[in-house]
1. Would you check which residues across the stretch 384-394 are open to solvent by less than 20 Å² (accessible area, probe 1.4 Å) and either over 17 Å from Asn294 (Cβ atoms) or out of contact with any strand residue (DSSP E or B) (no Cβ under 6 Å at 6 or more places or on another chain) (or both) and list them?
2. Note down all Cβ pairs under 6 Å where the first residue falls in the stretch 144-161 and is under 15 Å from Leu96 (Cβ atoms), the second is of a type in the set (A, V, I, L, M, F, W, C) and surrounded by 10 or more Cβ atoms within 10 Å (Cβ to Cβ), and they're at least six residues apart or on different chains.
3. Which of the residues belonging to the stretch 192-209 are loosely packed, with under 13 Cβ neighbours inside 10 Å and either under 10 Å from Ala171 (Cβ atoms) or in contact with a strand residue (DSSP E or B) (Cβ under 8 Å, 6 or more places away or on another chain) (or both)?
4. Going by the structure shown, is Ala222 surrounded by 12 or more Cβ atoms within 10 Å (Cβ to Cβ), under 22 Å from Ala391 (Cα atoms) and among the small types (Gly, Ala, Ser)?
5. Could you pull out every one of the helices (runs of 4 or more DSSP H) wholly within the stretch 94-186 that has 3 or more residues that are in contact with a helix residue (DSSP H, G or I) (Cβ under 8 Å, 6 or more places away or on another chain) and open to solvent by 70 Å² or more (accessible area, probe 1.4 Å)?
6. Condition (residue is within 25 Å of Met267 (Cβ to Cβ) and either at pLDDT below 90 or under 22 Å from the mean Cα position of the chain (by Cα) (or both)) applied to the stretch 382-395: is it met by at least one residue?
7. List the number of the failed condition for Ile231; all other conditions in (1) among the β-branched types (Val, Ile, Thr); (2) open to solvent by less than 20 Å² (accessible area, probe 1.4 Å); (3) under 28 Å from Gly392 (Cα atoms) hold.
8. Quick check, is Ile258 of a type in the set (A, V, I, L, M) and open to solvent by less than 80 Å² (accessible area, probe 1.4 Å)?
Amino acid sequence: MSTGKPQSAGASHARNGTILSALFMGLGQFYHRQWVKGVIFMLAEVISIYLIIAQFGANLWGLVTLGDTPSRMEKVGRLYQNVPGDHSIFMMIYGLAALIYIVLFVLFYIGNIRDARAVGQLRDEGKEAPSFRDTTRHLLDKGFPYLLLSLPTIGVLFFTILPIMFMILMAFTNYSAPDHIPPKNLVDWVGFETFKSLFTLKAWSKTFYGVLTWTIIWAVVATVTTYFGGILVALLIQQHGIRFKTMWRTIFILPYAIPQFISLLIMKNILNSQFGPINQYLGMLGLGQVPWLNDPFMAKVTVILVNMWIGIPVSMILVLGVLTAIPKDLYEAAEVDGASGFQKFRNITMPFVLFQTAPILIMQFAGNINNFNVIFLLTGGAPANGDYAFAGSTDLLVTWLYKLTLDNQRYNFASAIGILIFLIIASFSIYNYRRSRSFKEEDMIQ
(Lines give C-alpha, C1' and ligand atoms only; values in the text may rest on other atoms or scores of the structure.)
Protein backbone atom coordinates (compact mmCIF):
# COMPACT_ATOMS: atom_id res chain seq x y z
CA MET A 1 0.00 0.00 0.00
CA SER A 2 1.35 3.43 -0.93
CA THR A 3 2.01 6.01 1.78
CA GLY A 4 -0.18 8.52 -0.08
CA LYS A 5 2.63 11.14 -0.24
CA PRO A 6 3.83 12.63 -3.54
CA GLN A 7 6.83 10.79 -4.93
CA SER A 8 10.19 12.51 -4.60
CA ALA A 9 11.92 13.90 -7.67
CA GLY A 10 13.86 11.41 -9.74
CA ALA A 11 11.75 8.38 -8.75
CA SER A 12 8.89 7.03 -10.86
CA HIS A 13 6.55 4.28 -9.83
CA ALA A 14 5.06 4.32 -13.35
CA ARG A 15 8.45 3.70 -14.98
CA ASN A 16 9.50 1.02 -12.50
CA GLY A 17 6.15 -0.80 -12.70
CA THR A 18 6.21 -0.69 -16.51
CA ILE A 19 9.72 -2.14 -16.71
CA LEU A 20 8.97 -4.92 -14.21
CA SER A 21 5.70 -5.85 -15.96
CA ALA A 22 7.51 -5.95 -19.27
CA LEU A 23 10.08 -8.36 -17.81
CA PHE A 24 7.45 -10.74 -16.43
CA MET A 25 3.72 -10.43 -16.01
CA GLY A 26 2.68 -9.62 -12.45
CA LEU A 27 6.02 -8.15 -11.27
CA GLY A 28 4.74 -4.61 -11.75
CA GLN A 29 1.63 -5.42 -9.72
CA PHE A 30 3.81 -6.93 -6.97
CA TYR A 31 5.85 -3.72 -7.01
CA HIS A 32 2.64 -1.78 -6.43
CA ARG A 33 1.68 -4.26 -3.65
CA GLN A 34 -1.28 -5.57 -5.62
CA TRP A 35 -0.65 -9.15 -4.60
CA VAL A 36 -3.79 -10.91 -5.88
CA LYS A 37 -3.68 -9.20 -9.25
CA GLY A 38 0.03 -9.94 -9.53
CA VAL A 39 -0.54 -13.64 -8.85
CA ILE A 40 -3.26 -13.77 -11.53
CA PHE A 41 -1.02 -12.15 -14.14
CA MET A 42 1.95 -14.31 -13.20
CA LEU A 43 -0.07 -17.54 -13.37
CA ALA A 44 -1.40 -16.48 -16.77
CA GLU A 45 2.14 -16.10 -18.13
CA VAL A 46 3.43 -19.31 -16.54
CA ILE A 47 0.53 -21.32 -18.02
CA SER A 48 0.91 -19.64 -21.42
CA ILE A 49 4.67 -20.26 -21.57
CA TYR A 50 4.09 -23.91 -20.67
CA LEU A 51 1.45 -24.31 -23.37
CA ILE A 52 3.63 -22.59 -25.97
CA ILE A 53 6.63 -24.79 -25.17
CA ALA A 54 4.71 -28.04 -24.70
CA GLN A 55 2.16 -27.76 -27.53
CA PHE A 56 1.68 -24.50 -29.35
CA GLY A 57 5.23 -24.32 -30.70
CA ALA A 58 4.75 -27.64 -32.46
CA ASN A 59 1.32 -26.51 -33.68
CA LEU A 60 2.80 -23.36 -35.22
CA TRP A 61 5.53 -25.39 -36.90
CA GLY A 62 2.85 -27.74 -38.23
CA LEU A 63 1.05 -24.72 -39.69
CA VAL A 64 4.25 -23.87 -41.57
CA THR A 65 5.10 -27.39 -42.81
CA LEU A 66 1.62 -29.03 -42.95
CA GLY A 67 3.30 -32.29 -42.00
CA ASP A 68 6.23 -34.39 -43.17
CA THR A 69 5.09 -37.99 -42.80
CA PRO A 70 2.10 -39.37 -44.76
CA SER A 71 0.14 -42.40 -43.65
CA ARG A 72 1.63 -45.67 -44.85
CA MET A 73 1.14 -49.43 -44.73
CA GLU A 74 3.75 -51.49 -42.87
CA LYS A 75 4.03 -55.25 -42.81
CA VAL A 76 3.63 -56.74 -39.35
CA GLY A 77 4.16 -60.45 -39.59
CA ARG A 78 1.97 -61.66 -42.41
CA LEU A 79 -0.40 -58.71 -42.23
CA TYR A 80 -0.13 -55.11 -43.31
CA GLN A 81 -1.01 -52.49 -40.75
CA ASN A 82 -1.85 -48.83 -41.39
CA VAL A 83 0.57 -46.48 -39.65
CA PRO A 84 -1.00 -43.04 -39.17
CA GLY A 85 1.04 -40.10 -40.39
CA ASP A 86 0.60 -36.34 -40.22
CA HIS A 87 -2.84 -34.96 -41.00
CA SER A 88 -2.19 -31.68 -42.81
CA ILE A 89 -5.67 -30.22 -42.29
CA PHE A 90 -5.75 -30.92 -38.56
CA MET A 91 -2.27 -29.43 -38.26
CA MET A 92 -3.49 -26.29 -40.02
CA ILE A 93 -6.47 -25.97 -37.65
CA TYR A 94 -4.34 -26.57 -34.54
CA GLY A 95 -1.78 -24.06 -35.81
CA LEU A 96 -4.43 -21.39 -36.33
CA ALA A 97 -5.87 -22.03 -32.86
CA ALA A 98 -2.39 -21.70 -31.38
CA LEU A 99 -1.80 -18.49 -33.33
CA ILE A 100 -5.06 -16.97 -32.04
CA TYR A 101 -4.16 -17.96 -28.46
CA ILE A 102 -0.72 -16.38 -28.77
CA VAL A 103 -2.24 -13.17 -30.15
CA LEU A 104 -4.65 -13.07 -27.17
CA PHE A 105 -1.72 -13.70 -24.83
CA VAL A 106 0.26 -10.82 -26.37
CA LEU A 107 -2.73 -8.50 -25.95
CA PHE A 108 -3.11 -9.65 -22.34
CA TYR A 109 0.61 -9.03 -21.81
CA ILE A 110 0.24 -5.49 -23.15
CA GLY A 111 -2.76 -4.98 -20.86
CA ASN A 112 -0.64 -6.09 -17.91
CA ILE A 113 2.02 -3.47 -18.78
CA ARG A 114 -0.55 -0.71 -19.24
CA ASP A 115 -2.20 -1.64 -15.94
CA ALA A 116 1.10 -1.43 -14.07
CA ARG A 117 1.87 1.92 -15.70
CA ALA A 118 -1.58 3.35 -14.87
CA VAL A 119 -1.29 2.30 -11.21
CA GLY A 120 2.23 3.73 -11.10
CA GLN A 121 0.97 7.07 -12.39
CA LEU A 122 -1.60 7.13 -9.59
CA ARG A 123 1.16 6.54 -7.03
CA ASP A 124 3.32 9.25 -8.61
CA GLU A 125 0.39 11.64 -8.10
CA GLY A 126 0.33 10.76 -4.43
CA LYS A 127 -2.70 8.50 -4.60
CA GLU A 128 -3.04 4.98 -3.29
CA ALA A 129 -2.87 1.94 -5.55
CA PRO A 130 -6.33 0.38 -5.91
CA SER A 131 -6.88 -2.76 -3.88
CA PHE A 132 -8.11 -5.98 -5.44
CA ARG A 133 -11.56 -5.21 -4.06
CA ASP A 134 -11.50 -1.77 -5.69
CA THR A 135 -10.41 -3.34 -9.00
CA THR A 136 -13.18 -5.93 -8.81
CA ARG A 137 -15.76 -3.26 -8.01
CA HIS A 138 -14.58 -1.14 -10.95
CA LEU A 139 -14.66 -4.18 -13.25
CA LEU A 140 -18.23 -5.04 -12.26
CA ASP A 141 -19.34 -1.41 -12.57
CA LYS A 142 -17.76 0.50 -15.46
CA GLY A 143 -16.11 -2.51 -17.04
CA PHE A 144 -19.15 -4.78 -16.83
CA PRO A 145 -20.16 -4.36 -20.52
CA TYR A 146 -16.63 -5.30 -21.60
CA LEU A 147 -16.67 -8.27 -19.23
CA LEU A 148 -19.90 -9.56 -20.79
CA LEU A 149 -18.64 -8.96 -24.34
CA SER A 150 -15.32 -10.72 -23.74
CA LEU A 151 -16.70 -14.28 -23.74
CA PRO A 152 -18.73 -13.85 -26.97
CA THR A 153 -15.68 -12.20 -28.53
CA ILE A 154 -13.52 -15.20 -27.70
CA GLY A 155 -16.23 -17.43 -29.16
CA VAL A 156 -16.27 -15.35 -32.35
CA LEU A 157 -12.50 -15.67 -32.62
CA PHE A 158 -12.49 -19.47 -32.42
CA PHE A 159 -15.81 -20.29 -34.10
CA THR A 160 -16.01 -17.56 -36.76
CA ILE A 161 -12.60 -15.97 -37.37
CA LEU A 162 -10.72 -19.29 -37.22
CA PRO A 163 -12.93 -21.00 -39.87
CA ILE A 164 -12.64 -17.93 -42.10
CA MET A 165 -8.85 -17.96 -41.78
CA PHE A 166 -8.87 -21.73 -42.44
CA MET A 167 -10.95 -21.21 -45.58
CA ILE A 168 -8.61 -18.48 -46.82
CA LEU A 169 -5.49 -20.55 -46.21
CA MET A 170 -6.94 -23.56 -48.05
CA ALA A 171 -6.93 -21.50 -51.25
CA PHE A 172 -3.11 -21.37 -51.04
CA THR A 173 -2.70 -25.16 -50.77
CA ASN A 174 -3.18 -28.12 -53.10
CA TYR A 175 -5.93 -29.60 -50.87
CA SER A 176 -7.84 -31.33 -53.63
CA ALA A 177 -8.92 -34.76 -54.81
CA PRO A 178 -7.62 -37.21 -55.87
CA ASP A 179 -3.96 -36.83 -54.90
CA HIS A 180 -3.95 -34.54 -51.89
CA ILE A 181 -6.63 -35.69 -49.45
CA PRO A 182 -5.43 -36.42 -45.89
CA PRO A 183 -4.72 -38.63 -44.04
CA LYS A 184 -3.50 -40.78 -46.93
CA ASN A 185 -1.67 -37.87 -48.57
CA LEU A 186 -0.13 -34.67 -47.32
CA VAL A 187 -1.18 -31.17 -48.33
CA ASP A 188 1.42 -28.59 -49.41
CA TRP A 189 1.51 -24.84 -49.72
CA VAL A 190 1.38 -23.76 -53.40
CA GLY A 191 1.04 -19.99 -53.10
CA PHE A 192 -1.19 -18.39 -55.75
CA GLU A 193 -1.15 -21.46 -58.01
CA THR A 194 -4.85 -22.13 -57.40
CA PHE A 195 -5.82 -18.60 -58.44
CA LYS A 196 -3.52 -18.83 -61.47
CA SER A 197 -5.22 -22.07 -62.56
CA LEU A 198 -8.64 -20.55 -61.97
CA PHE A 199 -7.86 -17.59 -64.23
CA THR A 200 -5.63 -19.16 -66.89
CA LEU A 201 -6.22 -22.91 -67.32
CA LYS A 202 -8.81 -23.39 -70.06
CA ALA A 203 -11.12 -25.79 -68.23
CA TRP A 204 -11.20 -23.77 -65.03
CA SER A 205 -11.06 -20.27 -66.52
CA LYS A 206 -13.91 -20.92 -68.96
CA THR A 207 -16.05 -22.24 -66.14
CA PHE A 208 -15.13 -19.39 -63.81
CA TYR A 209 -15.77 -16.58 -66.28
CA GLY A 210 -18.97 -18.22 -67.53
CA VAL A 211 -20.38 -18.80 -64.06
CA LEU A 212 -19.25 -15.33 -62.91
CA THR A 213 -20.98 -13.67 -65.87
CA TRP A 214 -24.24 -15.50 -65.21
CA THR A 215 -23.96 -14.75 -61.46
CA ILE A 216 -23.73 -11.00 -62.12
CA ILE A 217 -26.55 -11.07 -64.70
CA TRP A 218 -28.68 -13.10 -62.30
CA ALA A 219 -27.97 -10.76 -59.35
CA VAL A 220 -28.80 -7.62 -61.35
CA VAL A 221 -31.95 -8.97 -63.01
CA ALA A 222 -33.23 -10.73 -59.89
CA THR A 223 -32.72 -7.60 -57.76
CA VAL A 224 -34.27 -5.18 -60.27
CA THR A 225 -37.30 -7.37 -61.04
CA THR A 226 -38.17 -8.13 -57.43
CA TYR A 227 -37.53 -4.56 -56.24
CA PHE A 228 -39.52 -2.71 -58.90
CA GLY A 229 -42.09 -5.49 -59.01
CA GLY A 230 -42.63 -4.95 -55.29
CA ILE A 231 -42.97 -1.20 -55.83
CA LEU A 232 -45.54 -1.75 -58.57
CA VAL A 233 -47.64 -4.14 -56.49
CA ALA A 234 -47.45 -1.85 -53.45
CA LEU A 235 -48.56 1.18 -55.49
CA LEU A 236 -51.46 -0.76 -56.99
CA ILE A 237 -52.65 -1.89 -53.56
CA GLN A 238 -52.33 1.64 -52.13
CA GLN A 239 -54.24 3.29 -54.97
CA HIS A 240 -57.35 5.21 -54.00
CA GLY A 241 -60.49 3.31 -54.80
CA ILE A 242 -58.91 -0.14 -54.47
CA ARG A 243 -61.18 -2.24 -52.25
CA PHE A 244 -60.22 -5.18 -50.01
CA LYS A 245 -56.65 -3.94 -49.49
CA THR A 246 -56.11 -6.41 -46.65
CA MET A 247 -57.14 -9.31 -48.86
CA TRP A 248 -54.75 -8.27 -51.65
CA ARG A 249 -51.88 -7.86 -49.20
CA THR A 250 -52.58 -11.31 -47.77
CA ILE A 251 -52.72 -12.94 -51.20
CA PHE A 252 -49.42 -11.43 -52.32
CA ILE A 253 -47.65 -12.29 -49.08
CA LEU A 254 -48.55 -15.99 -49.24
CA PRO A 255 -45.63 -16.99 -51.54
CA TYR A 256 -43.23 -15.50 -49.00
CA ALA A 257 -45.01 -17.05 -46.00
CA ILE A 258 -44.68 -20.59 -47.38
CA PRO A 259 -41.15 -22.05 -46.79
CA GLN A 260 -38.96 -21.72 -49.88
CA PHE A 261 -37.96 -25.36 -49.65
CA ILE A 262 -41.55 -26.46 -50.23
CA SER A 263 -42.37 -23.80 -52.82
CA LEU A 264 -39.33 -24.43 -54.98
CA LEU A 265 -39.70 -28.21 -54.98
CA ILE A 266 -43.35 -27.85 -55.98
CA MET A 267 -42.38 -25.44 -58.76
CA LYS A 268 -39.71 -27.87 -59.92
CA ASN A 269 -42.35 -30.59 -60.36
CA ILE A 270 -44.89 -28.25 -61.95
CA LEU A 271 -42.30 -27.12 -64.52
CA ASN A 272 -41.05 -30.63 -65.30
CA SER A 273 -40.61 -30.80 -69.07
CA GLN A 274 -42.14 -34.27 -69.48
CA PHE A 275 -44.63 -34.80 -66.67
CA GLY A 276 -45.26 -31.28 -65.35
CA PRO A 277 -48.87 -30.06 -65.34
CA ILE A 278 -48.02 -26.90 -67.30
CA ASN A 279 -46.56 -28.80 -70.23
CA GLN A 280 -49.39 -31.33 -70.05
CA TYR A 281 -51.95 -28.54 -70.46
CA LEU A 282 -49.91 -26.90 -73.21
CA GLY A 283 -49.82 -30.22 -75.02
CA MET A 284 -53.58 -30.61 -74.69
CA LEU A 285 -53.99 -27.18 -76.25
CA GLY A 286 -51.70 -28.13 -79.13
CA LEU A 287 -49.06 -25.54 -78.18
CA GLY A 288 -46.24 -28.02 -77.66
CA GLN A 289 -43.99 -28.50 -74.66
CA VAL A 290 -41.67 -25.81 -73.28
CA PRO A 291 -38.24 -26.96 -71.99
CA TRP A 292 -38.57 -24.91 -68.80
CA LEU A 293 -35.62 -26.52 -67.01
CA ASN A 294 -33.90 -28.48 -69.80
CA ASP A 295 -32.81 -25.69 -72.14
CA PRO A 296 -29.97 -23.45 -70.83
CA PHE A 297 -31.65 -20.17 -71.83
CA MET A 298 -35.16 -21.19 -70.76
CA ALA A 299 -33.83 -22.52 -67.45
CA LYS A 300 -32.30 -19.11 -66.71
CA VAL A 301 -35.52 -17.32 -67.62
CA THR A 302 -37.47 -19.75 -65.45
CA VAL A 303 -35.36 -19.24 -62.32
CA ILE A 304 -35.72 -15.46 -62.73
CA LEU A 305 -39.52 -15.74 -63.03
CA VAL A 306 -39.76 -18.07 -60.03
CA ASN A 307 -37.51 -15.76 -58.02
CA MET A 308 -39.87 -12.86 -58.85
CA TRP A 309 -42.77 -14.89 -57.48
CA ILE A 310 -40.85 -15.47 -54.23
CA GLY A 311 -39.07 -12.11 -53.92
CA ILE A 312 -41.70 -9.53 -54.91
CA PRO A 313 -43.69 -9.96 -51.65
CA VAL A 314 -40.62 -8.95 -49.59
CA SER A 315 -40.14 -5.73 -51.55
CA MET A 316 -43.88 -5.10 -51.45
CA ILE A 317 -43.94 -5.18 -47.63
CA LEU A 318 -40.97 -2.80 -47.40
CA VAL A 319 -42.45 -0.34 -49.88
CA LEU A 320 -45.89 -0.43 -48.24
CA GLY A 321 -44.25 0.65 -44.99
CA VAL A 322 -42.50 3.53 -46.75
CA LEU A 323 -45.65 4.64 -48.60
CA THR A 324 -47.61 4.98 -45.37
CA ALA A 325 -44.88 7.27 -43.99
CA ILE A 326 -44.91 9.76 -46.90
CA PRO A 327 -46.69 12.96 -45.81
CA LYS A 328 -50.01 13.38 -47.63
CA ASP A 329 -49.43 17.14 -47.76
CA LEU A 330 -46.82 16.62 -50.47
CA TYR A 331 -49.30 14.89 -52.77
CA GLU A 332 -51.96 17.54 -52.07
CA ALA A 333 -49.53 20.32 -52.88
CA ALA A 334 -48.49 18.53 -56.08
CA GLU A 335 -52.13 18.19 -57.14
CA VAL A 336 -52.68 21.92 -56.56
CA ASP A 337 -49.69 22.59 -58.84
CA GLY A 338 -51.25 20.39 -61.50
CA ALA A 339 -48.76 17.51 -61.29
CA SER A 340 -49.68 14.32 -63.11
CA GLY A 341 -49.64 10.89 -61.49
CA PHE A 342 -46.28 10.06 -63.08
CA GLN A 343 -44.77 13.36 -61.92
CA LYS A 344 -45.91 12.67 -58.34
CA PHE A 345 -44.38 9.20 -58.54
CA ARG A 346 -41.08 10.48 -59.96
CA ASN A 347 -40.64 13.51 -57.68
CA ILE A 348 -42.26 12.34 -54.42
CA THR A 349 -42.83 8.61 -54.18
CA MET A 350 -39.67 7.26 -55.77
CA PRO A 351 -37.20 9.53 -53.92
CA PHE A 352 -38.79 8.61 -50.58
CA VAL A 353 -38.76 4.90 -51.41
CA LEU A 354 -35.16 4.93 -52.62
CA PHE A 355 -33.98 6.91 -49.61
CA GLN A 356 -35.55 4.47 -47.15
CA THR A 357 -34.73 1.25 -48.99
CA ALA A 358 -31.34 1.92 -50.63
CA PRO A 359 -29.35 -0.03 -47.98
CA ILE A 360 -31.85 -2.91 -48.24
CA LEU A 361 -31.58 -2.84 -52.04
CA ILE A 362 -27.80 -3.22 -51.74
CA MET A 363 -28.30 -6.12 -49.31
CA GLN A 364 -30.73 -7.77 -51.72
CA PHE A 365 -28.16 -7.57 -54.51
CA ALA A 366 -25.50 -9.11 -52.27
CA GLY A 367 -27.99 -11.76 -51.17
CA ASN A 368 -28.86 -12.63 -54.77
CA ILE A 369 -25.19 -13.25 -55.57
CA ASN A 370 -25.32 -15.87 -52.82
CA ASN A 371 -28.89 -17.01 -53.55
CA PHE A 372 -28.26 -20.70 -53.07
CA ASN A 373 -31.82 -21.93 -52.48
CA VAL A 374 -33.49 -20.89 -55.74
CA ILE A 375 -30.81 -22.35 -57.99
CA PHE A 376 -30.05 -25.48 -56.01
CA LEU A 377 -33.65 -26.49 -55.25
CA LEU A 378 -35.14 -25.54 -58.62
CA THR A 379 -32.50 -26.62 -61.16
CA GLY A 380 -29.57 -27.98 -59.16
CA GLY A 381 -27.39 -26.04 -61.61
CA ALA A 382 -28.77 -28.00 -64.58
CA PRO A 383 -28.89 -28.33 -67.50
CA ALA A 384 -25.40 -29.78 -67.85
CA ASN A 385 -22.74 -27.83 -69.70
CA GLY A 386 -19.98 -29.85 -71.35
CA ASP A 387 -17.63 -26.86 -71.43
CA TYR A 388 -17.75 -26.34 -67.66
CA ALA A 389 -15.76 -28.11 -64.94
CA PHE A 390 -18.13 -29.43 -62.25
CA ALA A 391 -20.77 -26.76 -63.03
CA GLY A 392 -24.05 -26.55 -64.94
CA SER A 393 -25.58 -23.82 -67.07
CA THR A 394 -27.55 -22.20 -64.22
CA ASP A 395 -24.95 -22.60 -61.46
CA LEU A 396 -23.99 -19.49 -59.54
CA LEU A 397 -20.58 -19.09 -57.94
CA VAL A 398 -22.02 -20.21 -54.60
CA THR A 399 -23.65 -23.37 -55.99
CA TRP A 400 -20.49 -24.17 -57.97
CA LEU A 401 -18.55 -23.77 -54.71
CA TYR A 402 -20.95 -26.23 -53.07
CA LYS A 403 -20.40 -28.82 -55.81
CA LEU A 404 -16.64 -28.39 -55.71
CA THR A 405 -16.61 -28.91 -51.95
CA LEU A 406 -19.12 -31.67 -51.21
CA ASP A 407 -19.38 -33.50 -54.51
CA ASN A 408 -15.86 -33.30 -55.92
CA GLN A 409 -13.54 -32.48 -52.96
CA ARG A 410 -11.80 -29.64 -54.82
CA TYR A 411 -11.38 -27.69 -51.61
CA ASN A 412 -8.63 -25.33 -52.75
CA PHE A 413 -10.62 -24.11 -55.76
CA ALA A 414 -13.76 -23.79 -53.63
CA SER A 415 -11.85 -21.65 -51.12
CA ALA A 416 -10.46 -19.44 -53.88
CA ILE A 417 -13.98 -18.93 -55.24
CA GLY A 418 -15.23 -18.12 -51.74
CA ILE A 419 -12.57 -15.42 -51.40
CA LEU A 420 -13.52 -13.94 -54.78
CA ILE A 421 -17.23 -13.94 -53.84
CA PHE A 422 -16.40 -12.05 -50.65
CA LEU A 423 -14.30 -9.49 -52.53
CA ILE A 424 -17.04 -8.91 -55.10
CA ILE A 425 -19.83 -8.51 -52.54
CA ALA A 426 -17.79 -6.45 -50.07
CA SER A 427 -16.43 -4.01 -52.66
CA PHE A 428 -19.80 -3.54 -54.35
CA SER A 429 -21.72 -3.12 -51.09
CA ILE A 430 -19.27 -0.67 -49.49
CA TYR A 431 -18.93 1.42 -52.67
CA ASN A 432 -22.65 1.70 -53.32
CA TYR A 433 -23.64 2.20 -49.70
CA ARG A 434 -21.20 5.07 -49.29
CA ARG A 435 -22.65 6.69 -52.43
CA SER A 436 -26.25 6.28 -51.28
CA ARG A 437 -28.17 9.35 -50.15
CA SER A 438 -29.11 7.77 -46.82
CA PHE A 439 -25.42 7.29 -45.93
CA LYS A 440 -24.47 10.84 -46.96
CA GLU A 441 -27.32 12.41 -44.99
CA GLU A 442 -26.44 10.27 -41.97
CA ASP A 443 -22.92 11.73 -42.07
CA MET A 444 -24.38 15.26 -42.34
CA ILE A 445 -26.62 14.66 -39.31
CA GLN A 446 -23.65 13.48 -37.25
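1. Matches in the stretch 384-394: Ala389, Ala391, Ser393, Thr394.
2. Partner pairs satisfying both residue conditions: Leu157/Ile100.
3. Scanning the stretch 192-209 gives a single hit, Phe192.
4. yes
5. Result: 132-141.
6. Yes - at least one qualifying residue is present in the stretch 382-395.
7. (3)
8. yes
The values are calculated or read from the model by the stated rules, or taken from the named source; none is laboratory data. Just so you know, these numbers come straight off a predicted model, no measurement behind them. Heads up, the Cβs are rebuilt from the backbone with ideal geometry, glycines too, and the neighbour counts pull from every protein chain shown. Side chains are part of the model used for accessible areas, which takes the heavy atoms of the whole protein and leaves out ligands, DNA and RNA. Shrake-Rupley method; radii C 1.70, N 1.55, O 1.52, S 1.80 Å.
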